[in-house]
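Colleague: First the structure, which I've put down as structure tokens, then a few questions once you've had a look.
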Amino acid sequence: MAQTRARLTDTELAALARYGFDLVADEPAVPPAAELEDAEGVLVATRDDAGLTVREIPRWRSPSAVRAELAQRGWSAPRAWVGAPPADGTELPGQLLVLLPAAGTSPDSAALSLGAAAWAGWAEGRELVVIPVPLTATAPEAGWAEVAAAYGAELLGSRTDPAPLRTGGRVVMFTGLSGAGKSTIAGRLVELLLEAGRTVTLLDGDEVRTHLSAGLGFSQADRDTNVRRIGWVAAQIAKHGGLAVCAPIAPYAATRADARRLVEEQAGPGSFVLVHVATPLAECEARDRKGLYAKARRGEIAAFTGISDPYEEPTDAELTIDTRDLSPEESARQVLAHLIGG
Ligand SMILES: Nc1ncnc2c1ncn2[C@@H]1O[C@H](COP(=O)(O)OS(=O)(=O)O)[C@@H](OP(=O)(O)O)[C@H]1O
Ligand SMILES: Nc1ncnc2c1ncn2[C@@H]1O[C@H](COP(=O)(O)OP(=O)(O)O)[C@@H](O)[C@H]1O
């Protein structure tokens, strides 16, 4: 055997659960290790000459546990619905087991919480039990009627057409040279958003480098780590509908694209707004508020963006602002208009 213990991905864990719950007969395609664990290191299955033995899987509630809960609630003839609520006026009973196909997603996936939230309006005057199940919505590995029966209910219907994921969360990432005006515009944007009654998280550059990215410098690898961390945190904020504003130099196109991907994976298409503060180098250097350009020119700061280190101009920015033409107030209002409009 290749290794003694292997960690399963979300997709493999769902496959193991389907097998362990007798929803499918065939052994799942999982690594050939003697012990299998989940993302937290919990032992979920063992393998010996007799085959695979599935133990408790913390991520997924077993059909028998769900059946026991329905019995305890006194549901005499449980009915089940799979996926999103019916769009066609189907009558739903007063007690309903909702099965949400969630194979391959993480436990805190936005797809899952949006799936559950879609049922909130149906809960009034009704008893709903909402259970994520380890099956794939668009290509179920077992028939929905059989799955519903395993969870102790008769299938009433299903709706598993994949709606595009949109949490309503957004991330505004300003990018540009040092002194371009990123922090000034980001700060004013946050004030305008607060005035408009929005809750907003500012991932302030100084605070990020003091806490989240403490110890990182300005090599390409460190800048990439810094920008990816900012992108990851912003994605977590946007995942459940929050708004995050950040303003790193973010000089590399590929790393900005990584941040965009992280955010859009969690909050849906259109959730990442890249704002290029395109103040030319000569103007930034003329401002030189912190005296850094002068130091960089004297060689006292190595690898300074625009002087001795690259800045890759974005070609994918949703907005480009040249602060030679606009005041900070006008610039911030332009970003706000984009957020409100799109
Ligand atoms: N070598 C070098 N190059 C560029 N900038 C430097 C450097 N050393 C220190 N500083 C100061 O750090 C601020 C940029 O940090 P960031 O976290 O935004 O940079 S990056 O996105 O990781 O490239 C930047 O702040 P801003 O002027 O607010 O952009 C600089 O003040
Ligand atoms: N239209 C403008 N937008 C933003 N900043 C401007 C503008 N015009 C002049 N400035 C000045 O440029 C400087 C930008 O500094 P800062 O916002 O810290 O830049 P960055 O965060 O990109 O390094 C500030 O002193 C600001 O007052």
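Colleague: Considering every residue within region 58-73, establish whether at least one is part of a loop (DSSP other than H, G, I, E, B) and farther than 30 Å from THR167 by Cβ.
Modeller: Initial filter on region 58-73 (part of a loop (DSSP other than H, G, I, E, B)): 58-62, 73.
Then keep just the ones that are farther than 30 Å from THR167 by Cβ; that gives 73.
Yes - at least one qualifying residue is present in region 58-73.
Colleague: Of all residues in region 21-46, which are more than 17 Å from THR9 (Cβ to Cβ) and part of a strand (DSSP E or B)?
Modeller: Filtering region 21-46 down to residues more than 17 Å from THR9 (Cβ to Cβ) leaves 21-26, 34, 46.
The answer is THR46, and nothing else.
Colleague: Residues that are more than 23 Å from LEU292 (Cα to Cα) and under 23 Å from the mean Cα position of the chain (by Cα): find the helices (runs of 4 or more DSSP H) completely inside region 143-243 holding 2 or more of those. If you could, list the steps in order and put the result at the bottom.
Modeller: Values: elements: 144-150, 182-195, 205-210, 220-239.
It comes to 182-195, 220-239.
Colleague: Restricting attention to region 246-267, does a residue exist that is within 15 Å of ligand 2 (Cβ to nearest atom), out of contact with any helix residue (DSSP H, G or I) (no Cβ under 9 Å at 6 or more places or on another chain) and modelled with pLDDT of 95 or more?
Modeller: Checked region 246-267: no residue is within 15 Å of ligand 2 (Cβ to nearest atom), out of contact with any helix residue (DSSP H, G or I) (no Cβ under 9 Å at 6 or more places or on another chain) and modelled with pLDDT of 95 or more.
Colleague: Taking region 214-242 as the search range and keeping residues that are within 16 Å of ligand 2 (Cβ to nearest atom) and over 16 Å from VAL263 (Cα atoms), which one is surrounded by the most Cβ atoms within 10 Å (Cβ to Cβ)? Give the derivation first.
Modeller: Step one: of region 214-242, the residues within 16 Å of ligand 2 (Cβ to nearest atom) are 218, 223, 226-227, 230.
So of that shortlist, the ones also over 16 Å from VAL263 (Cα atoms) come out as 218, 223.
Numbers: PHE218: 15, ARG223: 22.
Among them, the one singled out is ARG223.
Colleague: Among the listed residues ASP108, ASP48, which satisfies the condition of being under 27 Å from GLY242 (Cα atoms) and exposed (fewer than 14 other Cβ atoms within 10 Å of the Cβ)? Quick ask: steps written out before the conclusion?
Modeller: Numbers: ASP48 fails: under 27 Å from GLY242 (Cα atoms).
From the options ASP108, ASP48, the qualifying one is ASP108.
Colleague: Specify the residue that is surrounded by the fewest Cβ atoms within 10 Å (Cβ to Cβ); the eligible residues are those in region 308-330 that are of a type in the set (Ser, Thr, Tyr) and within 16 Å of ligand 1 (Cβ to nearest atom).
Modeller: Taking region 308-330 and keeping what is of a type in the set (Ser, Thr, Tyr), we get 308, 311, 315, 320, 323, 327.
Next cut, within 16 Å of ligand 1 (Cβ to nearest atom) only: 308, 311, 323.
Working: SER308: 12, TYR311: 19, THR323: 23.
Of everything passing the filter in region 308-330, SER308 is surrounded by the fewest Cβ atoms within 10 Å (Cβ to Cβ).
Colleague: If you don't mind, there's one more thing I want to ask. Could you tell me which residue of region 303-337 is nearest to ligand 2 (Cβ to nearest atom), considering only residues that are more than 27 Å from the chain's Cα centre (by Cα) and under 11 Å from VAL275 (Cα atoms)? Break it down into steps so the answer makes sense when it comes.
Modeller: First, pick out the residues of region 303-337 that are more than 27 Å from the chain's Cα centre (by Cα): 303-311, 321-331, 333.
The next check asks that each one be under 11 Å from VAL275 (Cα atoms); those that pass are 321-322, 331.
Values: ILE321: 8, ASP322: 8, SER331: 5 Å.
The selected residue is SER331.
Colleague: Shifting gears a bit: Name the one entry in LEU194, LEU212, LEU189 that is more than 9 Å from ligand 1 (Cβ to nearest atom) and more than 28 Å from ASP309 (Cβ to Cβ). It would help to see each step written out before you state the result.
Modeller: On the way: LEU212 fails: more than 28 Å from ASP309 (Cβ to Cβ); LEU189 fails: more than 28 Å from ASP309 (Cβ to Cβ).
Selected residue: LEU194, the only one of LEU194, LEU212, LEU189 that is more than 9 Å from ligand 1 (Cβ to nearest atom) and more than 28 Å from ASP309 (Cβ to Cβ).
Colleague: Next question, about the same structure. Regarding region 300-314, can at least one residue be identified that is farther than 21 Å from ASP222 by Cα, assigned by the TED database to the domain that holds ALA250 and touching a residue at least 12 places away in the same chain (Cβ under 8 Å)? Break it down into steps so the answer makes sense when it comes.
Modeller: Step one: filter region 300-314 for residues farther than 21 Å from ASP222 by Cα, giving none.
There is no residue in region 300-314 that is farther than 21 Å from ASP222 by Cα, assigned by the TED database to the domain that holds ALA250 and touching a residue at least 12 places away in the same chain (Cβ under 8 Å).
Colleague: While we're here: Can you pull out the residues in region 76-101 that are touching an Asp or Glu at 6+ places or on another chain (Cβ under 8 Å), buried (at least 17 other Cβ atoms within 10 Å of the Cβ) and hydrophobic (A, V, I, L, M, F, W, C)?
Modeller: If the condition is that a residue be touching an Asp or Glu at 6+ places or on another chain (Cβ under 8 Å), buried (at least 17 other Cβ atoms within 10 Å of the Cβ) and hydrophobic (A, V, I, L, M, F, W, C), then ALA80, ALA84, LEU96 are the ones that fit.
The values are calculated or read from the model by the stated rules, or taken from the named source; none is laboratory data. For clarity, every value in this text was computed on a predicted model and none was experimentally measured. Every residue, glycine among them, receives a Cβ derived from its backbone with ideal geometry; neighbour counts consider all protein chains shown.
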